[in-house]
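Single-structure report; data block below.
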Amino acid sequence: MKDLNFRTLDLNLLRVFDEVMAERNLTRAAHNLSMTQPAVSNALRRLRELTGDDLVRRSGYGVEPTPLAMTLWPTVREALQQLRAALAPGAFDPSTATSHFVLAMADATASKIMPGLVHLLDREAPQVTLRVLPLTTRDPRELLESAGVDLAIGYFPGVLAELGASHLQEHVPRYQARRLYDTEYVLVMRQGHPLAEGPLTLDDYCAARHLLVSFSGRPWGFVDEALAAKSRRRRVVLTVNQFFTAGQVVATSDLLTVLPRHFVGMTGQEHALVHRPLPLDMPPVHVDMLWHRQAQSSGAQRWLRDAVCRAVALEAEA
C-alpha cells in the first residue's frame, strides 16, 4: 500500500469506503449517503489512487472487497464511530432518525424479538430501517468486526467464556454482551410418534433417527457434545439451518429434533407436534446480544440495544 499523506486526505472518502464495505453495493451506499452513484464511484477511484489498491471489485449485483480493504475496514469503521461519538455524544432522536441497523440472529430468536421491535419502530422510530441476517455461527465476532453487523443475538457460550477471561486483561474490552433471556431446548416429534408417550430412555433416544438444526452446516451440535461426554451418540440423518424447517419436517415424519421451547408454538405445526424433556441433562441456554466496542458510546446504538431489551420484555408480557 502507498504511503498516505494525511494532510491532504479527504475524510469523506473514508465515509464512502465504510458505507460501501457495509453494503457491498454502490447503489445502496449512495442512497444511504445521499450521494449519486457516480459520486461514490469517483470517491472510490480517489481512494484507489491513494492506496494503490482496487479496494473493491465488481461481483454479481454488488462488489467484493480486496484483502487490503478487509484489513483496513475495521480500523476505519472504529475511527469514524469514535469521531461521531466525540462530536455528537448521545445526539440521536429516534423520531426523526433515518438510521439503518443490521442484526444477526436465528429464526427462533427473531420470532421472539422482532414483533416487539417492529412495534417499537412504528411507535418511536418510523424512519429507521432494520435488516436481519441469518446467524450461521456460534462465534459472531467476525460478523461484528468486518461484516457491518451492529448486533448479534444468540447462544454464544464459548465466546462469553473467552470474553470473561479477556476482559480481565483489556482496559477497554473489544466486545460487550448483555443477557436478554433464558430458554431451554426440548425434544420435538410428531403426534403419534412411538416415543411420544411413556418412559423415554437415553437408549430410545440414541436409537431413533434425528434431524439436526445446524447454523454452520456442521453435522453435530451441542446435544451431540453432551452425548459424547457420556460416550454416546445419536444418528443424524438430516441437517437443516432453520428451526422453522425442522418443525415442518418433523411434523410429517418419524424424525426427532430439538427446538427452543418457546418456538414450538410458532412453527405453525403446534397441533401436530409433541414436545418432551430431553433424556439427558443439558446446561441452561442463555440468549445474549453481542456488540463491538466501537458501538458502545453511539447514541443510535444505545437506543437500538435498549429497544431490543424492551422488545424482549414486551414478548414476555404478551
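The values are calculated or read from the model by the stated rules, or taken from the named source; none is laboratory data. Source: prediction; values computed, not measured. Cβ placement follows ideal geometry from the backbone for every residue including glycine, while neighbour counts extend to all protein chains displayed. Please note that ligands, DNA and RNA were not included when accessible areas were found on the heavy atoms of the full protein model with its side chains. Shrake-Rupley method; radii C 1.70, N 1.55, O 1.52, S 1.80 Å.
In the list V287, V308, which residue meets the criterion of being assigned to a strand (DSSP E or B) and open to solvent by less than 30 Å² (accessible area, probe 1.4 Å)?
Result of the check over V287, V308: V287.
Is there a residue in region 183-205 that is surrounded by fewer than 14 Cβ atoms within 10 Å (Cβ to Cβ) and touching a Phe, Trp or Tyr at 6+ places or on another chain (Cβ under 9 Å)?
no
May I ask you to list the residues in region 257-284 that are charged (D, E, K, R) and either assigned to a loop (DSSP other than H, G, I, E, B) or without any contact (Cβ under 8 Å) to a residue 12 or more places away in the chain (or both)? Give the steps one after another, and end with the answer.
Kept after step one, since they are charged (D, E, K, R), are these residues of region 257-284: 261, 270, 276, 281.
Listed by number, the residues that qualify are E270, D281.
I need a count of the residues in region 301-318 that are touching a strand residue (DSSP E or B) at 6+ places or on another chain (Cβ under 8 Å) and either within 11 Å of F92 (Cα to Cα) or aromatic (F, W, Y) (or both).
2
Tally the residues that are open to solvent by 10 Å² or more (accessible area, probe 1.4 Å) and either closer than 28 Å to A207 by Cβ or at pLDDT 95 or above (or both), restricting the search to region 248-272.
Residues meeting the conditions: 13.
When only residues in region 156-182 that are modelled with pLDDT of 90 or more and farther than 30 Å from E19 by Cα count, which is surrounded by the fewest Cβ atoms within 10 Å (Cβ to Cβ)?
D182
Which one of D182, D204, D254 is touching a residue at least 60 places away in the same chain (Cβ under 8 Å), out of contact with any Ser or Thr (no Cβ under 9 Å at 6 or more places or on another chain), farther than 27 Å from A104 by Cα and not in a loop (DSSP other than H, G, I, E, B)?
Answer to the selection: D204.
For region 53-64, what are the residues that are open to solvent by 30 Å² or more (accessible area, probe 1.4 Å) and more than 21 Å from L9 (Cα to Cα)?
R57, R58, S59, G60, Y61, E64
With respect to T75, is the statement that it is out of contact with any Phe, Trp or Tyr (no Cβ under 8 Å at 6 or more places or on another chain), of a type in the set (S, T, Y), surrounded by 14 or more Cβ atoms within 10 Å (Cβ to Cβ) and in a helix (DSSP H, G or I) true?
no
If I go through region 218-247 residue by residue, how many of them are open to solvent by less than 50 Å² (accessible area, probe 1.4 Å), part of a loop (DSSP other than H, G, I, E, B) and among the small types (G, A, S)?
Quick first cut of region 218-247, residues open to solvent by less than 50 Å² (accessible area, probe 1.4 Å) only: 221, 223-224, 226-227, 234, 236, 240, 243, 245-247.
If we keep only those that are part of a loop (DSSP other than H, G, I, E, B) as well, we get 221, 234.
Narrowing the set further to residues that are among the small types (G, A, S) leaves 221.
Adding up the residues that qualify gives 1.
Quickly run through region 117-155 and pick out the residues that are assigned to a helix (DSSP H, G or I) and buried (at least 16 other Cβ atoms within 10 Å of the Cβ). Show your work before the answer.
Step one: of region 117-155, the residues assigned to a helix (DSSP H, G or I) are 117-124, 141-146.
Matches in region 117-155: L117, L120, L121, R141, L143, L144, E145, S146.
Give me a count of the residues in region 94-115 that are in a loop (DSSP other than H, G, I, E, B) and open to solvent by less than 40 Å² (accessible area, probe 1.4 Å). Let's see the steps before the verdict.
Filtering region 94-115 down to residues in a loop (DSSP other than H, G, I, E, B) leaves 94-99, 106.
Then keep just the ones that are open to solvent by less than 40 Å² (accessible area, probe 1.4 Å); that gives 94, 97, 99, 106.
Going through region 94-115 one residue at a time, the tally reaches 4.
State which residue is surrounded by the fewest Cβ atoms within 10 Å (Cβ to Cβ) when the search covers only region 40-52 and only residues that are at pLDDT 90 or above and either out of contact with any Leu (no Cβ under 9 Å at 6 or more places or on another chain) or over 12 Å from D10 (Cβ atoms) (or both).
It comes out as R45.
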